[in-house]
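Below is one structure, written out as structure tokens; comments come after it.
The values are calculated or read from the model by the stated rules, or taken from the named source; none is laboratory data. Since the model is a prediction, treat every value here as computed from it, not as a measurement. Backbone-built Cβ (ideal geometry, glycine too); neighbour counts: all protein chains shown. Surface accessibility is based on the protein's heavy atoms, side chains included, excluding ligands, DNA and RNA. Shrake-Rupley method; radii C 1.70, N 1.55, O 1.52, S 1.80 Å.
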Amino acid sequence: KGFLRHGQTQPASGVPGASAGGRQRACEAGAEAEGEAGAGCAKGCAKGGSKGGSKGGSKGGSKGGSKADRALPGSLRAGRVRGLAARKALQLFQELYGEYIKEMEESQDAAAARRGCEARMGRRYVELHATALELLRTVAEPQKCGGYSALSFRGAAVADRRRNLQARLALARQQASGQQREALCAVLAALCCRLQKNWLSAYDDEVPVRGYFAHGLVDPNCRFRVAVKSPSRLASLLVTSELPLARALAAMDHGGPFPEGHEKEPVGRRQYGLQRVCVETGYGEEQKERLCDVQPEAELRALMESQAPVEVLEVYCALAPKERVARHRLGPVIRAELRRLLAEAKERGRAVLFLVGGDHPIDLVQKVYLQPWFTSIGGLRCGYFRWKQSTEADWEPPKLMGQKRVIFGLQLP
């Protein structure tokens, strides 16, 4: 459960990816997408199966298959092509995931395993991109957005919400459309992988593993949006949801920035504030705002008490390696997607929330999120959530999430 996962860092050219940790739906990967290129199954997939799928999947998918396939009625032939693309996507994913897990177990070095996976993804980029594009066209219709297009779709509700995630995904998989969406999420997870963040692992120990994004397929509150630079170059992935602020924060890893059960208690006289980072008068490596300068914010307190939804940016990733982002000039499209999200939320009177992840989140804050092309839209800020029992009380000590405090991005309505 959680937030975005952000991965990489880079200034103005394009942002790679975004998300926060473990199962947080955070926004880590997105921040990096702006600057660099993208950053918030079974192990034993045989190479022979992968190669066989490659020949039959890519050739059959793109050219229409054999003469016998072309003799089929149009709808059946299209279904067969989609089926080949889905199988190809899962074969590619299984291969990359299996190699990633193997390297992780052998080296016991997570960074080395992520680096190796990023390199392998780069070598398979052409296959991954072609397969993802083919599947994407089966699940969504493109919409023009200025100089590029975007395709979006929502997760679907399953019959019994009481079932666990694995059971709900299994139900969705019983339909052909569910299989195609699942395969698409798997191949998108592969395209988003970076040194700073790997997206191949499961969201919540579900089996079979289809990558971090698959859980959203059975959540009707979850929206996927893929930006495509003309004519057909995948640029970025945004995954968003809508939740009341208190619930969104509590749904994160380690229960969010406040004590356990905080969101279930009456707000009462509590006060809330955001201790900003990267301020001119700040101190330390993060240029943190001095605690004596942090002021209670009435609008933030009202949001903590309200059931009104906020826009939660869970994933923001570039769908290409850094060198491909530069070669295909995807940076402006990646940046435009976050600008669009911030601007639309402001027009609708909604707050935007995301978690800044990665090993060096302060770099993402400085090089990506606090750049004027984002902050000028609605006053986007980054910092630590703080709270106290009343106006007269002192700010409570910050809660550690894992071994560290987590930086959030917040744009108020």
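For residue 239, the criteria (1) in contact with a strand residue (DSSP E or B) (Cβ under 9 Å, 6 or more places away or on another chain); (2) over 30 Å from residue 146 (Cα atoms) hold in every case but one, which is (2).
Taking the conditions (1) open to solvent by 60 Å² or more (accessible area, probe 1.4 Å); (2) within 16 Å of the chain's Cα centre (by Cα) in turn, residue 222 satisfies each one other than (1). Of all the criteria given as (1) part of a helix (DSSP H, G or I); (2) in contact with a strand residue (DSSP E or B) (Cβ under 8 Å, 6 or more places away or on another chain); (3) open to solvent by 40 Å² or more (accessible area, probe 1.4 Å), the one not satisfied by residue 141 is (1).
Say whether the condition of being touching a Ser or Thr at 6+ places or on another chain (Cβ under 8 Å), under 17 Å from residue 274 (Cβ atoms) and crowded, with 23+ Cβ neighbours inside 10 Å is met by at least one residue in the range 337-357. Yes.
Evaluation of residue 276 against the conditions (1) crowded, with 21+ Cβ neighbours inside 10 Å; (2) at pLDDT 95 or above; (3) within 25 Å of residue 185 (Cβ to Cβ) shows that the sole unmet condition is (3). Scan 166, 179 and give me the residue that is out of contact with any strand residue (DSSP E or B) (no Cβ under 9 Å at 6 or more places or on another chain), closer than 25 Å to residue 242 by Cβ, of a type in the set (S, T, N, Q) and open to solvent by 30 Å² or more (accessible area, probe 1.4 Å). Just one listed residue meets the conditions, 166. Could you tell me whether residue 310 is in contact with a Leu (Cβ under 9 Å, 6 or more places away or on another chain) and among the β-branched types (Val, Ile, Thr)? Taking the combined requirement at face value, the residue satisfies it.
Looking across 261, 256, one residue alone is modelled with pLDDT under 95 and open to solvent by less than 10 Å² (accessible area, probe 1.4 Å). It is 256.
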